[in-house]
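> Handing you this structure, nothing more for now.
Rule-based calculations on the coordinates, nothing more; no lab input. Everything quoted here is computed from the prediction, not taken from an experiment. Here Cβ is always computed from backbone atoms with ideal geometry, including for glycine, and neighbour counts include all displayed protein chains.
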Amino acid sequence: MANVKGSSVCRTAVDEGKPADWVPGGEKQTVVDPMKMFHELPREMQFITGSEAARESMRRANIDIAIAYPITPQSESMQQAGYLYDEGYIKEYYRAEEEIGTFSAISGASRAGVRALTATSGPGLMRGMEAVSSWPGARTPIIMLNMCRVINTPLAIQPDNIEMSFLLNTGILLLHAENQQDFYDYPLAAIMASEQVDVTLPAVVSVDGFFCTHARGPVRITPEEYKLPPRDGWRSAVPAMDNENPPARISRDAPIQKSNFISYHMHASWQQEVFAAVERSAKYFDKYLGGLVEVINPDAEDFIIASGCAVSQAREAVRQEGEQGRIVGLVKVKTIRPFPTTSILNAVKNAKRILIPEFNQAGWLHKEVCSVLYGRCNAVIKDGPRVFGGMTMPTEMILEWLEEFRKETK
Amino acid sequence: MLIQDNLLLTRSNPSGNGGIQFLYRVKDYGLTAISGPQEEISMIHWEVEVVKYQNPKTAEFEVCHTTELADKTLKFYSDKSLNEFLQKSFQYFEELDSLEKMLPEES
C-alpha cells in the first residue's frame with residue numbers, strides 16, 4: 001500500500017477506500033496567519049446549525065487528532081468531525097471507551113506535541129473531570145468543545161450551563177459562545193491563544209446545547225481553502241514528550257510526584273504559574289476576538305451582564321426597552337477565564353443597576369461579577385432571572401425583572 | 001438563507017426556546033419566520049405566521065389569521081419554498097394595503 005500522496009500522516013488511500021490518487025482535504029489547504037483569518041479574509045454567510053458551525057471551525061483548525069465519546073447534545077458535532085476525518089481534514093479520529101479514557105488519551109496526544117480536540121456535554125464532562133483538571137498543570141493546549149446540558153437530577157438533556165462552574169478554578173481557559181457564529185469563531189481563537197508559549201493551557205469553548213447546536217443561525221465563515229498554522233509542539237512552556245525515543249518521560253518533573261517538603265513548594269509555584277498564564281492569555285483573546293467583552297449602550301444606568309444564550313435574550317430585551325425610550329446597557333462576557341475584570345469595571349462605571357440573567361441554578365456568573373465589582377462599583381447587582389433544567393428564558397422575563405428592579409432600586 | 005428584502009428584524013426566538021426569528025414588514029402587515037432547534041438536522045423547519053403590526057415605529061405585532069394568505073400557522077421545510085412564499089406575500093401585502101386605504105375609515 002502506498003502512502004497517500006502528499007500526506008504527512010500514515011493514512012493510505014487504500015486504507016480509506018479512496019481512489020489511489022486521493023489527497024486528504026487538509027493537504028489541499030493553505031496555512032494562513034491567524035489574524036488574517038480572524039479579521040481579513042472574506043466571509044460567506046451560511047445558515048447552519050451550531051454543530052455544523054463547529055464542523056466548519058474544525059475544518060479550518062488544522063487538527064491532528066480528535067478523540068471523543070458520544071453524549072447528547074455533543075454527538076451531532078462529533079458526527080460532523082467524523083465526516084471531516086473521512087474527508088482528510090482531521091488526521092486521526094477515534095471514539096474512546098468513555099470520558100475518563102477520552103480525556104486521558106487526548107492529554108497524552110497533546111503532551112506528544114500535536115493539536116488535539118475533544119468534545120463533551122454535561123454528565124460526560126463530570127465523568128472525566130479528574131483527567132480534565134489535570135490538563136492545565138500538565139500544560140496541554142487541548143481544545144475542548146463543550147455543549148452544555150443538565151447534569152443534576154432529575155435527569156434531563158436540556159440546556160443548562162451549571163457544568164461551566166466546575167471549570168472555573170481548574171486553570172483552563174474558558175469561553176462562552178452566544179450563538180452559532182461564536183461557535184465557529186471561538187474555537188479557532190481559543191486554539192491559537194492556548195498554544196502561545198506564555199500560555200500553553202487547555203481551552204474549553206462552551207455553548208448552550210440544543211439552543212445553538214441543534215438550531216440554525218447565520219454564520220459568516222472564511223473560505224475553506226485556508227487553515228490555521230499547525231501546532232509546533234516544541235514551541236511551548238514545557239517540552240513535548242519525545243514519543244520516538246521511549247520511554248517517554250510522563251511526569252513533567254519527578255520531584256512533584258514525591259510527597260516531600262519541596263514538592264509542596266513546587267506544586268504551589270506550578271499552580272501559581274498556571275493561573276498567571278490564564279491572565280497572560282487575555283492579550284491574545286483581546287486581539288483575536290476584538291475584546292473580551294462586547295458593550296452596548298455604555299452610558300446606560302441600567303445594565304445587563306450576560307454570557308452564552310442569555311446574551312441573545314438580553315439583546316432583544318435591550319432593543320425592546322429602546323423602543324420604549326429606555327436605554328439599557330449590555331455587557332456580553334466572551335471569556336470567562338480569563339475573566340475580563342477591567343473591561344467590566346470600565347463598562348459599568350456609570351451603572352446604578354446591574355441584572356445578571358443565567359441558564360443555571362448556581363448563578364456562577366453573578367458570583368464572578370460580584371467578586372470583581374465588590375467595593376469598586378456603586379451599582380446594585382441583582383441575580384436573575386435564573387432558569388435551569390431546560391427552562392426557557394423569554395424576553396418578557398428579562399423585561400419584567402428590569403421593571404421590578406427599577407421599582408426596588410430608585 | 002432567507003431573502004433580505006423587507007426584513008425588519010432578525011433576533012433570537014423571543015420565546016426563549018432557542019433558534020432564530022426573522023420579521024418581515026410591508027406597510028402594516030408582514031410575516032414572522034421562526035426556525036427552532038430539532039433533534040435531527042433534517043427535522044429543522046420554518047414556522048411562519050402572518051402578522052399585523054400595531055405601531056408604525058416599533059416591531060409590536062399580533063398574529064393575523066384573517067388574510068387570504070393563511071388562516072393558520074404555516075410550516076416550510078426548505079428556505080427555497082419559504083422564499084417563494086415570501087415573494088408572493090410581499091406583493092399581496094402591497095395590494096392589501098392599497099385596498100384597505102380605499103375603505104372608508106371607521107367612525
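> Partner chain Cβ atoms within 10 Å, averaged over the residues of A:311-321 - can you pull that number for me? Walk me through the numbers on the way to the answer.
Details: counts 1, 7, 6, 1, 2, 8, 1, 0, 5, 5, 0.
Average per residue, whole number: 3.
> What angle, in degrees between 0 and 90 and rounded to the nearest 10, separates the Cα long axis of helix A:395-408 from the longest principal axis of the Cα atoms of chain A?
The angle comes out at about 50 degrees.
> Also: For the stretch A:206-216, in order, what is each residue's ³J(HN,Hα) by Karplus, 6.51 cos²θ - 1.76 cosθ + 1.60 with θ = phi - 60°, in whole Hz (x at glycine and Pro)?
Residue by residue, the stretch A:206-216 yields 8, 9, 6, x, 6, 3, 10, 5, 10, 10, 8 Hz.
> Applying a 10 Å radius around every beta-carbon, put A:350-363, A:124-137, A:198-211 in order of their mean neighbour count, most first. Let's see the in-between values first.
Working: A:350-363: 22.1, A:124-137: 20.1, A:198-211: 27.0.
Packing proxy ranking, top to bottom: A:198-211, A:350-363, A:124-137.
> On C-alpha positions alone, give me the angle between the axis of helix A:364-373 and the longest principal axis of chain A, in degrees, nearest 10.
70 degrees
> To continue, here is another question. Which ³J(HN,Hα) values in Hz, rounded to whole numbers, follow from the phi angles of the stretch A:39-55 under the Karplus curve 6.51 cos²θ - 1.76 cosθ + 1.60, where θ = phi - 60° and Gly and Pro get x?
Using θ = phi - 60°, the values come out as 10, 10, 4, x, 10, 10, 7, 10, 10, 9, 6, x, 5, 5, 5, 4, 4 Hz.
> Calculate, for A:V23 and A:E98, the FRET efficiency according to 1/(1 + (r/R0)^6) with r their C-beta to C-beta distance and R0 30 Å; round to the nearest 0.05. Kindly include the intermediate steps, with their values, before the conclusion.
Details: r = 35 Å, r/R0 = 1.15.
Using R0 = 30 Å, I get an efficiency of 0.30.
> Now for a different question. How large is Rg/Rh for the stretch A:32-227, to two decimals, with Cα atoms and a Kirkwood Rh?
Numbers: Rg = 15.2 Å, Rh = 16.3 Å.
Answer for the stretch A:32-227: 0.93.
> Would you mind checking the radius of gyration and Dmax of the stretch A:353-410 based on alpha-carbon positions, in Å?
When restricted to Cα atoms, the stretch A:353-410 yields Rg and Dmax of 11.9, 35 Å.
> So what's the net charge close to A:F211: Lys and Arg +1, Asp and Glu -1, counting the other residues with Cβ under 11 Å from its Cβ?
Working: positive: A:R149; negative: A:D160, A:E178, A:D208.
That works out to -2.
> Continuing with the same structure: Once amide H atoms are built 1.01 Å from N in the peptide plane, which residues 5 or more positions from A:A96, or in another chain, come under 5 Å H to H?
Close amide H contacts, sequence-distant or interchain: A:A68, A:Y69.
> Further, regarding this structure: What ranking, highest mean first, results for peptides A:387-400, A:23-36 when packing means the other Cβ atoms within 10 Å averaged over each residue?
Values: A:387-400: 18.8, A:23-36: 15.7.
Most protected by this proxy first, the peptides run A:387-400, A:23-36.
> Which whole number gives the average, over all residues in B:85-97, of C-beta atoms from other chains lying within 10 Å of the residue C-beta?
Details: counts 0, 0, 0, 0, 0, 0, 0, 0, 0, 0, 0, 0, 0.
Mean partner shielding for this stretch: 0.
> In addition: Under the rule of at least 5 residues apart or a separate chain, name every residue whose amide H is placed under 5 Å from the amide H of A:R386.
Amide H to amide H, under 5 Å and 5 or more residues apart or across chains, A:R386 pairs with A:E358.
> For a footprinting-style exposure proxy, rank B:C64, A:C370, A:C212 by other Cβ within 10 Å, fewest first.
On the way: B:C64 18, A:C370 15, A:C212 33.
So the residues, fewest neighbours to most, are A:C370, B:C64, A:C212.
> For a quick check: sort A:E301, A:E52, A:E404 by the number of other beta carbons within 10 angstrom, fewest at the front.
Numbers: A:E301 16, A:E52 23, A:E404 13.
Going from least to most buried by this count: A:E404, A:E301, A:E52.
> Dividing the Cα radius of gyration by the Kirkwood radius, what Rg/Rh value follows for the protein assembly as shown? Kindly include the intermediate steps, with their values, before the conclusion.
Values: Rg = 24.9 Å, Rh = 24.6 Å.
Checking Rg against Rh, the ratio lands at 1.01.
> Based on other C-beta atoms within 10 Å, arrange A:I143, B:I41 from fewest to most.
Ascending Cβ contact count within 10 Å gives the list B:I41, A:I143.
> What distance in nm separates the two pseudo spin-label positions at A:R220 and B:M43, each 7 Å out from Cα along the beta-carbon direction?
Each label point is offset 7 Å from its Cα along the Cβ direction, giving 3.3 nm.
> Ok, one more. Nearest 10 degrees, 0 to 90: what angle lies between the long axis of helix A:99-111 and the longest principal axis of chain A (Cα atoms)?
Long axis of A:99-111 versus the principal axis of chain A: about 70 degrees.
> Round to a whole angstrom and tell me the spacing of the C-alpha centers of the stretch A:88-107 and the stretch A:24-42.
25 Å
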